[in-house]
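Every read-out reported here was derived from the displayed coordinates using simple, explicitly stated rules and does not represent laboratory data. This structure is a prediction, so every number in the text was calculated from the model and none was measured. Cβ sites come from the backbone with ideal geometry, for glycine too, and all protein chains shown count toward neighbours.
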Amino acid sequence: NLVAFVTFICYNGNMLNKFKNKIRTLRETHFPGKSVRSLDKELKPHFGEHYYAYISKFESGVLPTIEALEKIKEAYSLSSSEYDDLMRSYLLEKFEDHLADAQRIGVNVELQPEPLLFRKVNKKKKL
C-alpha cells in the first residue's frame, strides 16, 4: 500500500529529526559504548556535578537553552556541520512547540512566505 509506505517514511523522517533523537545519536557517536553516567570525566567539567540529569532530560525531549547547546558542542567536540544540524533540529522543534501553543490557545497562525526578490518590469510607452 503506497499510502502506508509514504506515511511510514514521513513519520520516521520526522522522528529522526527530533532533537532528542539527534542529541542521543551524537552522544552515542562521540562516546560509543558509554552510558550517560559513565561520562563523568568528559561531561562534568562542562555541566557540573549533575551532568547526567541534564543530558538525560535533553535526551528525553526537554529542550535546553542555547548556552547548554554550546556546552554540548564543546563537551562532545562537535564539528561545525554537526552543530549546525543540531541547531537546525533544535530551532525546528522550538518553532513547532510555539506554533502548537498558539493554536492551542486559539490564535490563528497562517504561514505565508514573503517574496524575497522582485523583478523590475519595463513598461513600454504606447504612442
- Message: Please list 3J(HN,Hα) in residue order for the range 93-103, calculated via the Karplus relation 6.51 cos²θ - 1.76 cosθ + 1.60 where θ = phi - 60°; whole Hz, with x for glycine and proline.
- Response: 5, 4, 5, 4, 5, 5, 5, 5, 4, 5, 5
- Query: Between SER77 and THR25, what is the label-to-label distance in nm when each label sits 7 Å out along the Cα-to-Cβ direction?
  - Reply: 2.2
- If you take the beta carbon distance between LYS34 and ILE66 as r and set R0 to 25 Å, what does 1/(1 + (r/R0)^6) give as a FRET efficiency, to the nearest 0.05? 0.45
